[in-house]
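So the structure is just underneath, and the comments pick up after that.
Bear in mind that the values in this text are calculations on the coordinates, not laboratory data. All figures in this text were calculated on a predicted structure; none of them were measured in a lab.
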Amino acid sequence: MTGAARVEETVGLQEAADILGVHYMTVYRYVRTGRLAATHDGHTWRVRTADLDTVRVGRGTDQPRGSARTASVAHLLDRLVAGDEAGAWRLVESALASGAEPAEVHLSLLAPAMREVGRRWRSGELDVADEHLASATTRRLIARLGPRFARPGRKRGTVIVGAVAGERHEIPVAIVADQLRGAGFHVIELGGDTPADSFVDAAQREHPLCVLISVTTGGHEDAVADTAARLRERTDAVVLVGGAAVKDERAARALGSDHWTGHDAREVVALVARLRDERRS
Ligand code: B12
């Protein structure tokens, strides 16, 4: 790669946060306050990797936070696999006490810990029982955190979110649902393995702003496309297809998605907020 090409290399905010070893919200704050230059392409923020040095140099006391987070993810993973809800919750409380928002706990602690569970399971370091125990414990933590996402007052609109028929990964659904609740939306959370007609029934009853179809593993493409097609035929809701199994915008659109946000739940929330603003204007 030439020197000029390297200067133009850009990353998203999560990747920038990972490189700097800070929370996503810290990088977001740098961008919002002008401390870090960034461009917005209508969907996501991009930051030049060369510009990361500008905040790295002046960061001083922010430095330990990244390693502290890495340590917390490792500790959390340990407690999840042990099925130790109380111990895992203490780690969550300590993150909250040091100023982490509940949304950051989801995205910077629970989600990375569960992805690491997946990696260790695939490499044979953990077995299926470990994975189930970690999942069950994570569900309990998400449930305990749930009330912290409640926002009083008038809702900004209704959103339906569920995993497609046959898809049992419901933790991503629960996390996206709470992120949307935290942003003031009324969320109908259908959980895992939701039949196409149940998505349609819920949409006909609730008249949502949009319906999010979540898919984490391959092999559910027909079910996703069928669900999206039925929603389109029988409701006027915007349909969003996403989740770890949807690799890129092309795949999302081929499955029947009206938009593409990538995999970051914060971008999903930003898109839903934009759809709501467009509907109002
Ligand atoms: C926990 C887990 C399970 C649990 C699920 C429990 C539960 N209640 O959810 C159980 C044990 C049931 C399970 C089963 C299986 N699993 Co599993 N599982 C996992 C694991 C370890 C964690 C999943 C998780 O919670 N991740 C954390 C979430 C928060 O991260 P995320 O997926 O990135 O979610 C974000 C985005 O995707 C986005 N998002 C989510 N939904 C939507 C929707 C829209 C519209 C948008 C825009 C965005 C969006 O927002 C989320 C938050 O930021 C993953 C490892 C991994 N890398 O994730 C494997 C993993 C997903 N599983 C895998 C596999 C293979 C399986 C099985 C097929 C195993 C088997 N042989 O039986 C079955 C399939 C069952 C089924 N039919 O669905 C593979 C998938 C490989 C692949 N590419 O297809 C993984 C990656 C493990 C691995 N390393 O190989 N699994």
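Using helices alone, I'd like the mean residue ellipticity at 222 nm for the chain: each DSSP H run of four-plus residues gives -39500 (n - 2.57), total over residue count, nearest 500. Don't skip to the answer; put the middle values down first.
On the way: 13 runs with 149 residues, N = 281.
Rounded to the nearest 500, the figure is -16000 deg cm²/dmol.
In percent, what relative contact order does the chain have, based on Cα pairs under 8 Å that are 6 or more apart in sequence? List each step's numbers first, then the result.
Details: 427 pairs, mean separation 34.6, N = 281.
Contact order relative to length: 12 percent.
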